[in-house]
Amino acid sequence: MGKFCSIDGSCKSTEKVWGVVNKVKNTLHRVTFSKNLADHIVDTVGDEYEVRRFGFELRDKLSKGETSKNGLYALVSALKKDLVLRIGLIKETSEMMSDDDTRYLANISLSPL
């Protein structure tokens with residue numbers, strides 16, 4: 001179980017977050033809540049990638065058009081108190097998914113588990 005902390009500072013346990021990482025460059029290429037999906041991606045793209053487990057902490061809410069501090073964008077439900085729906089790496093894609101009143105973007109940090 002990873003650790004999930006909401007913007008208001010309350011913390012609770014959550015499911016694992018999995019990352020697809022380039023082993024040589026040590027760069028993150030995809031974050032998913034599904035280990036099966038992460039394994040499938042690594043099986044498809046080749047030996048230079050591996051699956052790593054991460055915990056995450058939700059940070060401050062982003063204003064419309066604001067760039068994340070670390071290049072990670074948490075898509076968060078405004079209807080279900082601070083529920084992270086997705087963690088994206090591309091600002092434009094993340095903004096398209098948060099383009100209504102039911103979802104917003106926030107900074108998020110990952111830490112290896």
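The values are calculated or read from the model by the stated rules, or taken from the named source; none is laboratory data. Here the structure is a predicted model, which means the values were calculated and not measured. Note: ideal-geometry Cβ built from the backbone for every residue, glycine included; neighbour counts use all protein chains shown. SASA here: full protein model, heavy atoms, side chains in, ligands and nucleic acids out. Shrake-Rupley method; radii C 1.70, N 1.55, O 1.52, S 1.80 Å.
State all residues of region 36-67 that are over 12 Å from the mean Cα position of the chain (by Cα) and among the small types (Gly, Ala, Ser); if no residue qualifies, say none.
Those that are over 12 Å from the mean Cα position of the chain (by Cα) and among the small types (Gly, Ala, Ser): ALA38, GLY46, SER63, GLY65.
How many residues does region 38-56 contain that are open to solvent by less than 80 Å² (accessible area, probe 1.4 Å), more than 15 Å from ASN26 (Cα to Cα) and among the acidic types (Asp, Glu)?
Of the residues in that region, 1 qualify.
Quick check, is GLY9 in a loop (DSSP other than H, G, I, E, B) and at pLDDT below 95?
On the way: in a loop (DSSP other than H, G, I, E, B): yes; at pLDDT below 95: yes.
Considered against the rule, which asks whether it is in a loop (DSSP other than H, G, I, E, B) and at pLDDT below 95, GLY9 comes out as yes.
Any residue that is part of a helix (DSSP H, G or I), hydroxyl-bearing (Ser, Thr, Tyr), modelled with pLDDT of 95 or more and over 23 Å from MET97 (Cα atoms) - is there at least one of those in region 18-40? Before you say what the answer is, go through the steps one by one.
Start the filter on region 18-40 by keeping residues that are part of a helix (DSSP H, G or I), which leaves 35-40.
With the extra rule that they be hydroxyl-bearing (Ser, Thr, Tyr), the set shrinks to none.
Within region 18-40, none of the residues are part of a helix (DSSP H, G or I), hydroxyl-bearing (Ser, Thr, Tyr), modelled with pLDDT of 95 or more and over 23 Å from MET97 (Cα atoms).
Across region 80-89, what is the number of residues that are in contact (Cβ under 8 Å) with a residue 60 or more places away in the chain and open to solvent by 80 Å² or more (accessible area, probe 1.4 Å)?
Taking region 80-89 and keeping what is in contact (Cβ under 8 Å) with a residue 60 or more places away in the chain, we get 81-82, 84, 87, 89.
Restricting the remaining residues to those that are open to solvent by 80 Å² or more (accessible area, probe 1.4 Å) gives 81.
So the answer is 1.
Mind checking which pairs have a first residue in region 61-74 that is within 9 Å of TYR104 (Cα to Cα) and a second that is open to solvent by 70 Å² or more (accessible area, probe 1.4 Å) and part of a loop (DSSP other than H, G, I, E, B), Cβ under 8 Å, 6 or more apart or different chains?
Filtered contacts from region 61-74: LYS61/ILE7.
Taking region 97-112 as the search range and keeping residues that are without any contact (Cβ under 8 Å) to a residue 24 or more places away in the chain and not hydrophobic (A, V, I, L, M, F, W, C), which one is least open to solvent (accessible area, probe 1.4 Å)?
Filtering region 97-112 for residues that are without any contact (Cβ under 8 Å) to a residue 24 or more places away in the chain and not hydrophobic (A, V, I, L, M, F, W, C), the one least open to solvent (accessible area, probe 1.4 Å) comes out as SER98.
Among SER77, SER94, which is the only one that is surrounded by fewer than 18 Cβ atoms within 10 Å (Cβ to Cβ) and over 22 Å from LEU113 (Cα atoms)?
SER77
Select from region 16-35 the residues that are farther than 18 Å from ASN70 by Cβ and over 16 Å from the mean Cα position of the chain (by Cα) and list them in ascending order.
LYS23, VAL24
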